[in-house]
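A.B. asks: After the C-alpha cells below, expect a handful of questions from me.
Each value in this text was obtained by applying a stated rule to the coordinates, not by laboratory testing. Not measured: the values here are computed from a predicted model. Neighbour counts are summed over all protein chains in view; Cβ atoms, including those assigned to glycine, are modelled from backbone coordinates with ideal geometry.
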Amino acid sequence: MTAMSTVVANLDGSGYGAAIQTPSLHPGTFSILMPWISGTDIKNRMCRFSRTAHIFALARDKGSGTVVSPNSISYPMEVADEESLKKGLEKILRILAAAGAEEIGTHHCKGKTLNVKKVSSHEFERFVIEESSRSLRGLSVPICSAHQMGSCRMGVDPKKSVVNQMGETWEVEGLFVVADTSVFPTALGVNPMVTVQAIAYCTAQ
C-alpha cells in the first residue's frame with residue numbers, strides 16, 4: 001500500500017468502518033477487476049492503465065464466515081459491512097475528483113464512468129450518490145477477501161474461543177498455537193503483519 005486514509009474507518013464509533021488505500025496494481029490484476037462491457041471497452045481501459053489511479057475500501061468485518069468442509073464455505077456479507085464499503089466508495093470517488101482525475105468510475109458490472117471535467121457539480125453529485133448506493137451483492141462487483149482472521153480465536157471463554165490469552169488451547173494443556181491471524185479475537189481492518197509478529201513473540205515466551 002502506498003497511502004491510506006481512515007476518514008471512514010470509525011463510522012459507528014466503535015472502530016468499524018473502512019480504510020481507504022491505494023495498492024500497487026499490476027496489469028493482470030487490473031484487468032480482472034474491470035467490468036466486462038465489450039472487447040473494445042476493455043481494450044480502451046487497458047490502454048489507459050498507466051494513467052489510471054486505483055483506490056479501494058477495506059472494511060473491518062462485523063460479519064463472519066464458516067467453513068464446514070472444503071466444499072462448504074459460507075461468507076455472507078453483513079449489512080453493516082456493505083454500508084462501510086459504500087461509504088468508502090463515496091469518499092474514493094470524491095478523492096479522485098479532488099485530485100484532478102479527468103474520468104472516474106467503479107468496478108461495478110454496469111461499467112459506468114463520468115468525465116468530471118465536462119459535467120456540472122449537480123451531475124457529479126448525482127453520479128457519486130448513485131454509484132455509491134448500488135448494491136454490492138449478487139456478483140455485481142468484485143469483492144476481494146484478504147488476511148482471514150479469527151478461525152482459531154483467542155479469548156477468555158472456552159465456549160467462544162479455541163485458545164486462551166496466552167495462546168494455549170483450552171482442550172490440550174501445554175499445546176500452544178504458534179500465532180498467525182487465526183488467533184485474532186476479531187478482524188482488524190488493517191494489514192495484520194505487525195500484530196502477528198507481536199502475538200507470535202508473546203506466545204513464544
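A.B. asks: As a check on your grasp of the helix formula, calculate [θ] at 222 nm for the chain: sum -39500 (n - 2.57) over DSSP H runs of n ≥ 4, divide by the residue count, round to the nearest 500. Mind dumping the intermediate values first?
C.D. replies: Values: 5 runs with 61 residues, N = 205.
Mean residue ellipticity at 222 nm (helix-derived): -9500 deg cm²/dmol.
A.B. asks: Full-extension gain between ALA98 and SER38, please, as 0.36 nm times their residue separation minus the C-alpha to C-alpha distance.
C.D. replies: Numbers: separation 60, 0.36 × 60 = 21.60 nm, distance 2.94 nm.
Contour length minus the Cα-Cα distance gives 18.7 nm.
A.B. asks: Once phi is turned into θ = phi - 60°, what whole-Hz ³J(HN,Hα) does the Karplus curve with 6.51, -1.76 and 1.60 give for every residue of region 160-176, x standing for Gly and Pro?
C.D. replies: 10, 8, 9, 10, 7, 5, 8, x, 8, 5, 5, 7, 10, 5, x, 9, 10
A.B. asks: Next question, about the same structure. Under a Cβ-only charge scheme (Lys and Arg +1, Asp and Glu -1), can you give me the dipole magnitude of region 147-205 about the Cα centre, in debye to the nearest 20?
C.D. replies: Details: 3 positive and 5 negative charges, 39 e Å.
The calculation lands at about 180 debye.
A.B. asks: For the charge dipole of the chain, defined by +1 on Lys and Arg C-beta atoms and -1 on Asp and Glu C-beta atoms about the Cα centroid, which residue among PRO192, VAL128, THR203 has the Cα displaced farthest towards the positive pole?
C.D. replies: VAL128
A.B. asks: May I pose another question? Are there GluC sites (Glu not before Pro) in region 107-205 that DSSP puts in a loop and that have at most 16 other Cβ atoms within 10 Å, and which ones? Could the numbers behind the result be given before it?
C.D. replies: On the way: sites: GLU123, GLU125, GLU130, GLU131, GLU168, GLU171, GLU173; in loops: GLU171, GLU173.
Answer in residue order: GLU171, GLU173.
A.B. asks: What shape does region 147-205 take by its C-alpha gyration tensor, where a ≥ b ≥ c are the square roots of the eigenvalues and a/c under 1.5 counts as rounded, a/b above b/c as prolate, and the rest as oblate?
C.D. replies: On the way: a/c = 2.45, a/b = 1.35, b/c = 1.81.
Oblate, because a/c is 1.5 or more while a/b does not exceed b/c.
A.B. asks: A further question on this structure: Which of ASN115, ASN44, ASN191 moves the most in a Gaussian network model of the chain with Cα springs under 10 Å?
C.D. replies: Most flexible of the set in this elastic network: ASN44.
A.B. asks: Quick one: what are the phi-derived ³J(HN,Hα) couplings along region 98-110, Karplus 6.51/-1.76/1.60 with θ = phi - 60°, whole Hz, x for glycine and proline?
C.D. replies: Using θ = phi - 60°, the values come out as 5, 7, x, 4, 7, 9, 10, x, 10, 8, 4, 4, 6 Hz.
A.B. asks: Next question, about the same structure. Identify which of ALA18, ALA179, ALA98 has the largest mean-square fluctuation in a Gaussian network model of the chain, with springs joining Cα atoms closer than 10 Å.
C.D. replies: Looking only at ALA18, ALA179, ALA98, the largest GNM fluctuation is found for ALA98.
A.B. asks: Rounded to the nearest 0.05, what FRET efficiency do LYS159 and ASN191 give with R0 = 30 Å and r taken as the Cβ-Cβ distance? Could you check? Mind dumping the intermediate values first?
C.D. replies: Details: r = 30 Å, r/R0 = 1.02.
FRET efficiency, LYS159 to ASN191: 0.50.
A.B. asks: May I ask you to derive the FRET efficiency for HIS147 and GLU125 from their Cβ-Cβ distance with R0 = 45 Å, giving the value to the nearest 0.05? Intermediate results must be reported in sequence, preceding the final value.
C.D. replies: Working: r = 34 Å, r/R0 = 0.76.
E(calc), rounded to 0.05, equals 0.85.
A.B. asks: How big is the equivalent ellipsoid of region 3-133 along its three axes, where each semi-axis is √(5λ) from the Cα gyration tensor, reported in whole Å from largest to smallest? Let's see the in-between values first.
C.D. replies: Values: eigenvalues 146, 85, 38 Å².
Over the Cα atoms of region 3-133, the ellipsoid semi-axes are 27, 21, 14 Å.
A.B. asks: About its Cα centre, how strong a charge dipole does region 45-95 have in debye, to the nearest 20, once Lys and Arg get +1 and Asp and Glu get -1 at the Cβ? Mind showing how you got there, number by number?
C.D. replies: On the way: 9 positive and 6 negative charges, 98 e Å.
Value, rounded to 20: 480 debye.
A.B. asks: Pull up the cross-link candidates among the lysines for LYS86, meaning alpha carbon to alpha carbon under 22 Å and not fewer than 8 places away within one chain.
C.D. replies: Straight-distance partners of LYS86: LYS62, LYS110, LYS112.
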